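In what follows, a single structure is set out as structure tokens and then discussed.
Each reported figure results from applying straightforward, stated rules to the coordinates on display, with no laboratory input. In this text the structure is predicted, and so the values were computed from the model without any measurement. Neighbour counts are summed over all protein chains in view; Cβ atoms, including those assigned to glycine, are modelled from backbone coordinates with ideal geometry.
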Amino acid sequence: MDEPSPRANTDFVHHQKSVFMNVLAEVVFGVEDGMVSTLGSIVGIAIGSQNHFIVILAGTVIISVESISMGIGSYLSNLSAEEMDRRKIEEEKIEIEKVPEEEKGELYDMYIEEGWPESLAKEMTEAASSNKELMLREMMVRELKINPEQESTSLKGGIYMFCSYILGGLIPLSAYIFLPINTAIPVSVGITLLGLFALGMSTTKFTRQPLLKSGLRVLIMGGLALIAGLVAGLLVRQ
């Protein structure tokens, strides 16, 4: 049995990494938005109403509605982007079929712009244009900026967004489930801000950004939602 080529293994690793990063982005966004939106809403409701049942009811409704909305939104936005890419690929196929010389010239110009020597650029262009599938792959990568190996992540992204939003939303709400409302308010704020800081720090494994900077960036975003909720709650209570 033939062994897979190093190039094939490299392409597979890069493809898997791309899919993972897309899913990771949905998870981080979902958890962060779930914590921030739920915290900002229920802290205002808790201060304004001072009613334990209303806070839990409102928090549950917010998490339920927003998680479905965010999941569907993620699915539709990713699906639209994928459909647009497919349309571009089909249009490129038609151009390669109908105006091959123009496409050949475009590819040559792109090789030159990237810094390839003219003689080598000409050889690469001739080799690619002699095979329509190879020509399409080259145009996808260099002109359309589309990964030929990409797979659909719209459904997977929507599911991850839905689940991660629920997980994030339960963090600030959990304090109200187990504690009296006056105790739950500061505890909810504390654990949510701590969770936001930890979430920001956790992304540094992939972004290579400083731990403190990443943690504070997410923490500040959550703090803005908290302030908005506090102000709203105080105004309603007065």
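Key figures for this structure:
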read-out	value
Value of [θ]222 nm, deg cm²/dmol, for the chain, DSSP H segments ≥ 4, -39500 (n - 2.57) each, nearest 500	-30000 deg cm²/dmol
Unit charges on C-beta of K, R, D, E only; dipole of the chain, Debye	1820
Descending principal axes extents, segment 26-237, alpha-carbon based, whole Å	75, 33, 27
Of ILE54, SER69, ILE96, farthest towards positive along the dipole that unit charges on Lys, Arg, Asp, Glu beta carbons give the chain	ILE54
Extension reserve of the SER174-LEU155 stretch, reckoned as 0.36 nm per residue once the Cα distance is removed	4.0 nm
Using alpha-carbon coordinates, inclination of helix 52-98 to the longest axis of the chain, degrees	10
Within segment 127-234, GluC sites (Glu not before Pro) in DSSP loop having at most 14 other beta-carbon neighbours inside 10 Å	GLU149, GLU151
Phi to ³J(HN,Hα) by Karplus 6.51 cos²θ - 1.76 cosθ + 1.60 over segment 158-175, Hz, x for Gly, Pro	x, 5, 5, 4, 4, 5, 5, 5, 4, 4, x, x, 5, 5, x, 6, 4, 4
Förster radius 25 Å - calculated FRET efficiency between LEU134 and LEU79 (Cβ-Cβ, nearest 0.05)	0.30
Longest segment of the chain lacking trypsin sites (Lys or Arg not before Pro) that sit in a DSSP loop with at most 13 other Cβ atoms within 10 Å	1-144
Pairs of lysine residues in the chain - Cα separation under 19 Å, sequence separation of 8 or more or cross-chain	17
In degrees, nearest ten, helix 6-49 long axis to first principal axis of the chain (Cα)	20
Helix axis angle, 211-237 relative to the chain longest principal axis, alpha carbon, degrees	40
Inter-probe distance in nm under a simple model that places probes 7 Å from Cα toward Cβ, at ARG142 and GLU123	1.5
Stretch gain in nm, segment GLU101-SER69, where the contour uses 0.36 nm per residue and the Cα spacing is subtracted	6.8 nm
Where the Cα pairs of segment 48-171 fall when distances are cut into 5 Å bins, in %	2, 10, 14, 13, 10, 8, 8, 7, 6, 6, 5, 4, 3, 2, 1, 0
Cleavage-rule hits (GluC sites (Glu not before Pro)) in segment 61-116: DSSP loop, at most 15 neighbouring Cβ within 10 angstrom	GLU114
Area projected by the alpha carbon convex hull of segment 107-166, averaged over all directions, nm²	5.5
Cα lying deepest toward the dipole's positive end in segment 62-172, options GLY105, VAL141, TYR160, charges on Cβ	TYR160
